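Working notes, beginning with the structure itself.
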Amino acid sequence: MRAPNLQRVIGAAALALAALAMSLSAPQTASAAVPAGSGAAIASGAAIASGAMIGRGEVMDRAWSWIAEQVPYGQSGCHENRFGCYRPDCSGYVSMAWNLDSSLTTWTLWNVTSDIPVGELQPGDALLRDSGGTDHVALFVRWADEAHTRPVVRETYDFGHVPEERVWNDGLRGFTPRRYDQLDDLMPYGSIGAKYDSLGGVGGPLGPPVSGERDSMMGGRFQAFRNGIVIWRPDAAFAVYGEILARFWATDAERRWGFPTMDEAEAGLSPGGSRGRYQLFERGLFLWSQQTGAHVVHGAIQDAFRSNGNERSLGYPVTDEADEGGDGKVQKFQNATIHWNPSRGTWITTG
């Protein structure tokens with residue numbers, strides 16, 4: 001199949017299509033307010049140091065390690081595991097997650113990060129504050145609500161506590177969204193990364209990434225690549241590309257058709273010798289051949305298409321479904337036409 005052009009792929013950001021990372025699947029817990037002064041900044045006098053580029057998946061895996069190990073909060077010494085030895089307070093925790101060269105403080109983390117709009121917060125970004133009696137930093141995970149007022153964070157925040165993932169039910173409260181300067185937003189991770197790798201990564205049909213993973217319109221996640229997308233909805237990720245993707249975008253994408261339930265696969269041989277590709281979505285079947293292009297078959301017509309031998313008998317669709325006779329529908333295939341109306345149901349004509 002021919003791939004859609006790069007401009008179309010980049011434009012997919014408006015669709016918000018594909019998977020929270022598998023590392024983000026830990027259960028949510030109820031939130032209490034972060035105590036004032038929690039994770040108090042500790043002056044170190046050390047030079048600002050940052051590590052190598054790091055992807056969001058690795059950040060969240062590193063952050064989860066201290067939650068799994070139940071590391072006690074402290075403002076001196078360090079906790080050592082396979083990711084290094086870092087001071088076990090809020091800023092040491094974030095320094096560890098970002099693979100910094102040393103444990104920074106809530107004061108010095110500003111020097112290795114940049115402001116981002118609240119609407120651009122993504123897993124592994126930070127919420128940082130060192131004013132008004134609060135010196136604290138937490139890692140953003142996701143939003144707990146569709147209105148984006150209650151962030152889910154990973155943090156360690158006071159003596160007598162261990163790192164945890166929880167909801168800030170009282171919002172941002174003066175915390176500033178910040179992004180680590182060495183964070184590689186394009187690096188695929190989690191379920192989307194696993195799917196991308198299984199298809200050959202950069203050398204596969206999708207090509208290199210052109211955007212980071214983002215929320216879809218309908219509750220999933222997606223990432224755009226040069227030739228297509230990977231879209232995730234719990235608990236599976238699938239690739240969509242080529243002319244099937246172009247038709248998917250042109251017909252209101254997942255808002256109309258839902259999420260894919262499989263990867264694109266080879267379709268059957270039609271009576272006239274056409275052989276193409278197909279992909280099933282929650283509310284429709286996309287079929288493509290070189291001779292007919294890509295079209296969608298859905299609803300009662302899809303049921304009739306399937307029960308009458310599909311493309312192996314009727315050929316590939318040559319049109320999308322259209323209105324017929326006021327309250328009916330019709331769709332043409334290479335070797336037949338399927339009609340439907342509410343009083344008669346479906347029937348097939350040939351010729």
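At-a-glance table
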{"quantity": "Exposure ranking of Glu69, Glu80 by accessible area [1.4 Å probe, largest first]", "calculated": "Glu80, Glu69"}
{"quantity": "Cysteines not pairable in the chain (beta carbon separation under 4.7 Å absent)", "calculated": "Cys90"}
{"quantity": "Alpha-carbon centroid distance for the pair the range 60-121 / the range 139-168, whole angstrom", "calculated": "14"}
{"quantity": "Portion, in percent, of the accessible area of the chain that falls on carbon or sulfur, probe 1.4 Å", "calculated": "50"}
{"quantity": "Positive minus negative residues near Phe333 (Lys, Arg vs Asp, Glu; Cβ under 13 Å)", "calculated": "0"}
{"quantity": "Loop-located GluC sites (Glu not before Pro) in the range 116-187, at most 15 other Cβ atoms within 10 Å (DSSP)", "calculated": "Glu146"}
{"quantity": "Space enclosed by the convex hull of the alpha-carbon atoms of the range 233-309, per residue, Å³", "calculated": "93"}
{"quantity": "Solvent accessible area, Å² - Asp61, 1.4 Å probe, full protein context", "calculated": "80"}
{"quantity": "Per residue accessible area in Å² of the range 194-247, where ligands, DNA and RNA are left out and the probe is 1.4 Å", "calculated": "36"}
{"quantity": "Given charges at beta-carbon only (K, R positive; D, E negative), |dipole| of the range 77-188 in Debye", "calculated": "120"}
{"quantity": "Heavy-atom surface of the range 47-132, accessible at 1.4 Å and reported per residue (Å²)", "calculated": "38"}
{"quantity": "DSSP-assigned coil residues among trypsin sites (Lys or Arg not before Pro) in the range 154-188, each with at most 13 further Cβ atoms within 10 Å", "calculated": "Arg173"}
{"quantity": "Per residue solvent-accessible surface (Å²) - the range 270-351, probe of 1.4 Å", "calculated": "48"}
{"quantity": "3J(HN,Hα) from dihedral phi, the range 332-347, Karplus parametrisation 6.51/-1.76/1.60, rounded to Hz, x for glycine, proline", "calculated": "9, 10, 4, 10, 6, 10, 9, 10, 8, 8, x, 8, 9, x, 9, 8"}
{"quantity": "Mean projected area in nm² (Cα convex hull; one quarter of hull surface) for the chain", "calculated": "20.5"}
{"quantity": "Convex hull projection area averaged over all views, the range 58-103, Cα basis, nm²", "calculated": "2.7"}
{"quantity": "For Met187, solvent-accessible area (1.4 Å; no DNA, RNA or ligand), Å²", "calculated": "80"}
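The values are calculated or read from the model by the stated rules, or taken from the named source; none is laboratory data. Being a predicted model, the structure only gives us computed values, none of them experimental. Positions of Cβ are generated from backbone atoms using ideal geometry, with glycine treated the same way; all protein chains shown enter the neighbour counts. Note: areas computed on protein heavy atoms with side chains; ligands, DNA, RNA excluded. Shrake-Rupley method; radii C 1.70, N 1.55, O 1.52, S 1.80 Å.
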